[in-house]
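Working notes, beginning with the structure itself.
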Protein chains: 2
Amino acid sequence: MDILHRIGVRTSSPEQVWNALTTVDGLARWWTEDTTGSAEPGGTLLFRFPPVGGFDMEVVEAQPGERLTWRVVDGPAEWVGTTIDWRLRQDDGWTIVLFEHRDWREQVEFMNHCSTKWATFLLSLKSLVEDGKGAPAPGDVQISDWH
Amino acid sequence: MDILHRIGVRTSSPEQVWNALTTVDGLARWWTEDTTGSAEPGGTLLFRFPPVGGFDMEVVEAQPGERLTWRVVDGPAEWVGTTIDWRLRQDDGWTIVLFEHRDWREQVEFMNHCSTKWATFLLSLKSLVEDGKGAPAPGDVQISDWH
């Protein structure tokens, strides 16, 4: 069971999207301001969403401008062991971002929540590259009682 | 393979969300302005997105304020035969909406697109009930080259 998304970012090369996905500063500008750790392959990124916790992700694969894979090594039980896969491609004036959060073990309500929440963060990534401003936590879009 | 989402709408009862899902006028205010047909159980709803086409949905089940199921009877090949299931429940001041677009046959790129697009339409539904104004097509949020 996978969460799937696709956005297109209006930009002339995948470089800006790639930088937003593979640098601590870039990640902090669209996902959560409280991002630390190492974004290099083999490193571990620590994403925190005070006060509720967060995720530790190992950077498993990084093919510049094309593909990035993280594995969740710590966080909510439902997330640990899942994989987050990013594929980029350039189509004329668009960087197409294919996002897949793979291998959920159970189709729990939290998975529904995370799917919608990922969509809002992908739109935050799009805004960051297109307009210079994302909406990372704690200023992220609230979608429900679960934030 | 299913598309899953969850939103919470700040409202004191599921009634407004239910009306937005089960009347032609309500659907036209958050999904597509070009909505026609019958929203009654056994009826068929016609959702159109000029100029690209649309979907015909049979209303399979409707338990007021709790559950609604549509089956796609015409539209893009990937959609025909899939099921769209809505479950509502009231948690204090929130109507929780669990959305599932079920039984996709293949994990195609179009499924990624539809997943992200559904998220934006669910947020449009939330805005309609909370603020009185949704963002139905043709004024919907553009997420990519595929609109």
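Within the range A:74-103, residues that are on the phi > 0 side of the Ramachandran plot sit with their Cβ atoms under 9 Å from residues that are buried (at least 17 other Cβ atoms within 10 Å of the Cβ) and part of a loop (DSSP other than H, G, I, E, B), at 6+ positions apart or across chains, in these pairs: A:103/A:2; A:103/A:82.
Residues that are within 20 Å of residue A:139 (Cβ to Cβ), surrounded by 19 or more Cβ atoms within 10 Å (Cβ to Cβ) and of a type in the set (A, V, I, L, M, F, W, C) within the range A:10-33 comprise A:20, A:21, A:27, A:30, A:31, listed in sequence order. Residues in the range A:115-136 that are basic (Lys, Arg) and over 13 Å from the mean Cα position of the chain (by Cα): A:133 only. Candidates in the range A:50-66 are the residues that are in a loop (DSSP other than H, G, I, E, B) and touching a strand residue (DSSP E or B) at 6+ places or on another chain (Cβ under 7 Å); of these, the one that is farthest from residue B:109 (Cα to Cα) is A:50. Test residue B:69 against the stated conditions and say whether it is closer than 27 Å to residue A:87 by Cβ and free of Cβ contacts under 8 Å to residues at least 40 places away in the same chain. Against the criterion (closer than 27 Å to residue A:87 by Cβ and free of Cβ contacts under 8 Å to residues at least 40 places away in the same chain), residue B:69 does not qualify. For the range A:1-16, filtering for residues that are touching a helix residue (DSSP H, G or I) at 6+ places or on another chain (Cβ under 8 Å), more than 30 Å from residue A:107 (Cα to Cα) and not hydroxyl-bearing (Ser, Thr, Tyr) leaves 2. Scanning the range B:34-47 for residues that are surrounded by fewer than 17 Cβ atoms within 10 Å (Cβ to Cβ) and either within 14 Å of the chain's Cα centre (by Cα) or of a type in the set (Val, Ile, Thr) (or both) yields B:34, B:36. Considering the range A:102-126, and only residues there that are away from chain B (no Cβ under 11 Å) and out of contact with any Phe, Trp or Tyr (no Cβ under 6 Å at 6 or more places or on another chain), the residue that is nearest to residue B:102 (Cα to Cα) turns out to be A:106.
Per the listing B:24, B:9, B:52, the residue uniquely within 14 Å of chain A (Cβ to nearest Cβ) and either under 12 Å from the mean Cα position of the chain (by Cα) or of a type in the set (A, V, I, L, M, F, W, C) (or both) is B:9. Does any residue of the range B:136-143 turn out to be within 13 Å of chain A (Cβ to nearest Cβ) and among the hydrophobic types (A, V, I, L, M, F, W, C)? Yes; the residues of the range B:136-143 include at least one that is within 13 Å of chain A (Cβ to nearest Cβ) and among the hydrophobic types (A, V, I, L, M, F, W, C). For the range B:49-83, which positions are in contact with a Ser or Thr (Cβ under 7 Å, 6 or more places away or on another chain) and under 16 Å from residue B:6 (Cβ atoms)? The one that is in contact with a Ser or Thr (Cβ under 7 Å, 6 or more places away or on another chain) and under 16 Å from residue B:6 (Cβ atoms): B:68. A residue that is of a type outside the set (A, V, I, L, M, F, W, C) and facing another protein chain (nearest Cβ under 9 Å) cannot be found anywhere in the range A:78-86.
Checking each residue in the range A:102-121 for being within 10 Å of residue A:1 (Cβ to Cβ) and crowded, with 17+ Cβ neighbours inside 10 Å picks out A:104, A:111.
Taking into account only those residues within the range A:87-101 that are buried (at least 18 other Cβ atoms within 10 Å of the Cβ) and more than 8 Å from every other protein chain (Cβ to nearest Cβ), which is farthest from residue A:39 (Cα to Cα)? The qualifying residue farthest from residue A:39 (Cα to Cα) is A:95. Of the residues making up the range A:109-139, those that are out of contact with any Leu (no Cβ under 6 Å at 6 or more places or on another chain) and more than 27 Å from residue A:13 (Cβ to Cβ) are A:109, A:110, A:113, A:114, A:116, A:117, A:137, A:138, A:139.
Taken together, the values in this text are just the output of simple stated rules run on the coordinates, not laboratory data. Note that the structure is a prediction, hence the values are computed from the model and not measured. Reconstructed Cβ throughout: ideal geometry from the backbone, glycine too, with neighbour counts over all protein chains shown.
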